[in-house]
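Right, one structure below, let's go through it.
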């Protein structure tokens, strides 16, 4: 459990708004350990691989179903005939967004890393994210605004959804030799059962 890993990507809007340091601080101060980080600009093929290879056809179908339901909730008809077509449209929009500028990709490690990062990050839709979360505090975008503009919601961050997803995503973004194995001083306080060695 102490070595659970998760992937975080600060998306182009987060980089452009100079929020890298603030976002890292939010994760770091909980006790999570940053074990890999790099900045890069990905092309749409890499961005598509990120979304599709992890979720596959099931993800496409589910995203398409949610998109269709969102259209219906607004009293509109989806412009796509099937959930699959809807899903691919969402994926392409997400890939365009992720590849629109520099991103900062990171691997964080620690007990409950996946769940903790998602909790700190906040709900996918920034307007619904709790105050105190990264998205709740640092951005104001919404699905309604994104739909009006015909784009993906700008929510600053991608964070792995579960442990298995994190494992797949980390392999897409990082080679094994790019992930560091080191001891961080705060691990002594967080994980040492008896806190031995604190007193002189």
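Coordinate-derived values only; no laboratory data. What you are looking at is a predicted structure, and each value in this text was computed from that prediction instead of being measured. Heads up, the Cβs are rebuilt from the backbone with ideal geometry, glycines too, and the neighbour counts pull from every protein chain shown.
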- [ ] Just need the relative contact order of region 44-99 here, percent rounded to a whole number, with Cα pairs under 8 Å and 6+ apart.
- [x] 48 percent
Open item on the list: Checking the a/c ratio against 1.5 first, then a/b against b/c, what shape does the Cα gyration tensor give for region 19-101?
Closed with: prolate
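Tell me, 130, 196 in order of fewest to most beta-carbon neighbours within 10 Å?
On the way: 130 11, 196 8.
Listing 130, 196 from fewest to most nearby Cβ atoms yields 196, 130.
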Task: Separation between Cα centres of region 60-127 and region 1-37, rounded to whole Å - done: 19 Å
Open item on the list: If I take every Cα pair under 8 Å that is 6 or more residues apart in region 116-200, average their sequence separation and divide by the length, what percent do I get for the relative contact order?
Closed with: 18 percent
- [ ] With an 8 Å cut-off on Cα pairs and a minimum separation of 6 or more residues, tell me the relative contact order of region 109-165 in percent.
- [x] 33 percent
Task: Fewest-first sequence of 50, 184, 158 by Cβ atoms within 10 Å of each Cβ - done: 184, 158, 50
Task: Cβ-based exposure ranking for 15, 8, in which fewest neighbours within 10 Å come first - done: 15, 8
Task: Fully extended contour minus Cα-Cα distance, from residue 195 to residue 128, at 0.36 nm per residue - done: 20.2 nm
